[in-house]
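Heads up: the structure comes next, in structure tokens.
The values are calculated or read from the model by the stated rules, or taken from the named source; none is laboratory data. Keep in mind the model is a prediction, meaning the values are calculated, not measured. All Cβ positions, even for glycine, are placed from backbone atoms using ideal geometry, and neighbour counts span all protein chains on display.
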Amino acid sequence: MVYDMNDKMEVMNGGKALMKALEKEGVKEVFGLPGGANLPMYDELYKSNIRHILVRHEQSAAHMADGFGRVSRKPGVCFATSGPGATNLLTGIATAQADSAPMIAVTGQVPVNMIGRDAFQESDIIGMSNPCVKYAFQPRTPQEIPEVVKKGFYIAETGRPGPVLLDIPKDVQQNEAEITFPNEVRIPGYHPWTDVDITNIERSIDLLLSSEKPIILAGGGTIISSAFAELQSIAEMLMIPVVTTFKGKGSFPENHPLSLGPIGMHGHAEANKIMSEVDCVLAIGTRFSDRSVGTFEEFEKNLKIIHMDVDPAEIGKNQTTQVAVVGDVRASLRVMLKILAKKVLKKSDGNKWLKHVNEVKDYWRENLKLHPGEMSAAKILRKLREVLPKESIVTTEVGQHQMWASLFFDAIHPGTFFSSTGLGTMGWGFPAAIGAKVARPDVPVLDIAGDGSFNMTENSLATSVLEDIPVIVFLINNFSLGMVAQWQRTFYERRMIGIDLKKCPDYVKLAESYGAQGIRAQSLDELGKAVKVGLNSEVSTVIDIPIDPEEDVLPFVAPGTSLKDMILPS
């Protein structure tokens, strides 16, 4: 640790040390819910300049911190008490870990001398959280708190971002001690950054230029590192088409001529078709998850893979890699651009591969059959894109609506589209939108939701209204657990069970009961007007949009099949 020698030791309790340490990290808001084991820290929170945003369930606090972290690129902070309060955070922590979102989760704990003795509301949150955090700390003295906070923030936001847990016993919060605050910390064995790998970047360039059918696959790491300009420059310099993973949606403007959109289980037909033909892929910040590439063995057939990622553990985990470039992807792409500028002339716009790609894209966009109804998923989401400002931040829940958003809602402005893509957590989108709005109060924030998923965290309307954090909920309502229903129709001979949500609740009345605004839109004209009302509202707006419960998400790549084996609309 490194201390400022001009700083004097101060006597304070652990709760105050926590607040001062958070303030030194630039924290201005925390999302949380008080309880017995974290009351001492809440008492000091009351005295601090940090804003407390009260949630109605701890899971929502974690999701709000997650949304804040993804948008701000700084760790969002959430508070919970011990026992059930702490365990309620776990799904949100695991969601952040799966999608590499920076987070600091602070939990209260029973006093040190009661740990391991089955005290009231004791839980081994350190042990429970270890599989889904980058690190978990449990300071046993007040003096340790500034150090673990400093280390926690450094770990959460460096390298591959992720959640860190600080579990603070109640007596450690209460006890006084002489406290000093480190300016920086050193963590032996933790090396989040590597030097730019120039040798393998040069090998990557040679492989790309010698291929006949290259493509760029941009994953979520492209967004995390803010490598938007670098990605676009390389694609345009080499005239290489770009596909994304679902988590990478928004890394490359989807109205760009080189964009094919997301690949995968519910990817664009043209993207999946072209991805099945390529001979070389520059994969940037992606895990090659099964939802993105289908069967691993089929995906890598006759394919040379250049894998660029900050996390060396991802290299070769799911796909055989010919060239690995480990390091921050933005820094690596910048070096690639410098080398390319000296080494190669811009490829011709008329190359055969790009002509073929455009022919395939035009074919599928003209010939893919869509649901014929006026309020089909495609039509309502394209209407949303038409009326929503391009710089708006969009989150999604998890379900059919999420995949329809992947297909029919173009992400144009960089880094404005976010979803729970790794863990696939229903209920994530709305509280994440609230967190995003706290991070960026200057832009509209909208959650594309389904009725089943919104049900999970709808009580966050209370937080939104009472804390003056207005967002729009674009609720695609098919009165069912739509994705489960689609699978039952497709794979289980229509044996439908456990999916019928009927018309319960009435979402307009539900929104109004919380003091929010509720609007039901039953035509595209009503829908456009409702979004505009929401954009100008000072409270959150829930737009209830009834659709056909039988509408499926298509194309669809079934589990255990390859990208070329798409189930298409009949």
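Numbers at a glance
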read-out: From the options Ile274, Ile339, residue that is surrounded by fewer than 21 Cβ atoms within 10 Å (Cβ to Cβ), assigned to a helix (DSSP H, G or I), of a type in the set (Val, Ile, Thr) and outside the structural domain of Arg160 (by TED's automatic domain parsing); value: Ile339
read-out: Top-ranked residue in the stretch 532-570 [being farther than 30 Å from Ser289 by Cβ and free of Cβ contacts under 8 Å to residues at least 60 places away in the same chain; ranked as surrounded by the most Cβ atoms within 10 Å (Cβ to Cβ)]; value: Val533
read-out: Filtered residues of the stretch 61-103 (kept if among the polar types (S, T, N, Q), closer than 27 Å to Asp171 by Cα and crowded, with 24+ Cβ neighbours inside 10 Å); value: Thr81, Ser82
read-out: Residue in the stretch 145-159 that is surrounded by fewer than 19 Cβ atoms within 10 Å (Cβ to Cβ) and in contact with a Leu (Cβ under 9 Å, 6 or more places away or on another chain) present; value: no
read-out: Hits in the stretch 17-29 - residues which are crowded, with 20+ Cβ neighbours inside 10 Å, touching a Lys or Arg at 6+ places or on another chain (Cβ under 8 Å) and touching a residue at least 60 places away in the same chain (Cβ under 8 Å); value: Ala21
read-out: Spans of strands (runs of 3 or more DSSP E) in the stretch 156-257 with at least 2 residues within 22 Å of Pro312 (Cβ to Cβ), under 27 Å from the mean Cα position of the chain (by Cα) and not basic (Lys, Arg); value: 163-169, 214-218
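This table checks each residue for (1) in contact with a helix residue (DSSP H, G or I) (Cβ under 7 Å, 6 or more places away or on another chain); (2) aromatic (Phe, Trp, Tyr); (3) modelled with pLDDT under 95.
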{"position": "Val445", "(1), (2), (3)": "yes, no, no"}
{"position": "Ser460", "(1), (2), (3)": "yes, no, no"}
{"position": "Phe479", "(1), (2), (3)": "yes, yes, no"}
{"position": "Met483", "(1), (2), (3)": "yes, no, no"}
{"position": "Tyr492", "(1), (2), (3)": "no, yes, no"}
{"position": "Val508", "(1), (2), (3)": "no, no, no"}
